[in-house]
Amino acid sequence: MLTEWSTDSVPAATRFDEWREACCEHVYALTPQRQPAVHPRPPFHGAIARRHLGALDVTDIVCDGHLVQRREQDIDECPGDTYYVYLQRQGRAWFEQQGQRCVAEAGDIVIADPNLAFCTGTDGVFDFRLWRIERARLHPLLALRSGEPLPMHHIDRAHTERELIANWLDGLLRHHAGLSAASRDMALGTLCALVAGAVGAGPDQHEPTRLARRRALLLRVQQQVEQRSSEMDLTPERVARAFGVSLRTLHQLFALSDGSFHEYLTRARLARAHALLRDPASRHLGTAEIGFAAGFGEVSTFYRRFKQRYGVAPGEFRAG
């Protein structure tokens, strides 16, 4: 379910007041403040796009810079039942919470507890994605006592954990609609374990967080295989080197999936060939050339694999 809201349809004189109300409705109870202007400035602009993904909630926000506080009063009026994962998409923003200050650059992640007062601001434009994870799902995995708040954690782009979490979140957003209920639950469990591993997992969570990292790394490997599937010389050894893992580890990662490295690579190449055969811009290419463009080194292998996968030969598929 997608909910969108924008100041575009709001009179200029009341835009910021209505923005404050929209933030409280779609994010948390907050106290946004706009600094007094020395010179005339254009009307405030802000846009919110919110998606409900079952036990997850993701909100994209782009707006003019201003000061945002979540005060003790706001928390008392509307305590949060989630933790949040803040992803800076463009520009930079600063955060202060319990005497701790951090600056999030584009691509950085901040994981925090909305039941701890904080303030945030930017010198430019706010442009971020906010993921909210059910507190009841994540808290049991953390090394926190019952009721103990989660301190703010800033994870910059240099950390492997940031890449794993961000990539898993992106994949979850792209594929959520096509997942079964069981797969969604597993994906959410993996996300919670990844976050717990990044901010401090409980002593009994070593194996779940290790498995979550392996699943997240497998997703990254699969994405690179898809992107590079047209390279005829793409081998497990080359992919393993690209990720800094051993060949044995690479094959162990694929043991978590429904097929081996070579099976996944073949499926990726067949999907590319399938798309090329349907693309009018590729009509000038013969079916053998399509196979080469998809990464197959031998025409006979391409024809045989394509017919096994789709039930017809490439030429018949194109004609049909």
| Are there any strands (runs of 3 or more DSSP E) wholly within region 1-58 with 2 or more residues that are over 17 Å from residue 69 (Cβ atoms) and touching a residue at least 12 places away in the same chain (Cβ under 8 Å), and if so which? | 2-6, 46-53
| task | Would you check which residues across region 85-105 are over 19 Å from residue 129 (Cβ atoms) and open to solvent by 40 Å² or more (accessible area, probe 1.4 Å) and list them? | result | 96, 98, 99, 100, 101
| request: Please verify whether region 76-84 includes one or more residues that are at pLDDT below 90, surrounded by fewer than 16 Cβ atoms within 10 Å (Cβ to Cβ) and within 30 Å of residue 181 (Cα to Cα). | output: no
| Before we move on, is residue 193 touching a helix residue (DSSP H, G or I) at 6+ places or on another chain (Cβ under 9 Å), closer than 30 Å to residue 151 by Cα and either at pLDDT 95 or above or surrounded by fewer than 13 Cβ atoms within 10 Å (Cβ to Cβ) (or both)? | yes
| query | Which of the following residues is within 15 Å of the chain's Cα centre (by Cα) and either modelled with pLDDT of 95 or more or open to solvent by 30 Å² or more (accessible area, probe 1.4 Å) (or both): 60, 64? | reply | 60
| message | Checking residue 157 against (1) open to solvent by 30 Å² or more (accessible area, probe 1.4 Å); (2) outside any helix (DSSP H, G or I); (3) closer than 24 Å to residue 206 by Cβ: exactly one of these is not met. Which one? | response | (3)
| Any residue at all in region 94-108 that is over 28 Å from residue 196 (Cβ atoms) and either assigned to a loop (DSSP other than H, G, I, E, B) or not hydroxyl-bearing (Ser, Thr, Tyr) (or both)? | no
| query | Name the pairs: first residue in region 186-207 and free of Cβ contacts under 8 Å to residues at least 40 places away in the same chain, second residue among the hydroxyl-bearing types (Ser, Thr, Tyr), Cβ to Cβ under 9 Å, at least 6 apart or on different chains? | reply | 194/209; 197/209
| message | Just to be sure I understand, how many residues within region 228-263 are hydrophobic (A, V, I, L, M, F, W, C), surrounded by fewer than 16 Cβ atoms within 10 Å (Cβ to Cβ) and more than 25 Å from the chain's Cα centre (by Cα)? | response | 2
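The values are calculated or read from the model by the stated rules, or taken from the named source; none is laboratory data. In this text, all values refer to a predicted model and were calculated from it rather than measured experimentally. Neighbour counts are summed over all protein chains in view; Cβ atoms, including those assigned to glycine, are modelled from backbone coordinates with ideal geometry. Areas reflect the complete protein model, heavy atoms only, side chains present, ligands, DNA and RNA absent. Shrake-Rupley method; radii C 1.70, N 1.55, O 1.52, S 1.80 Å.
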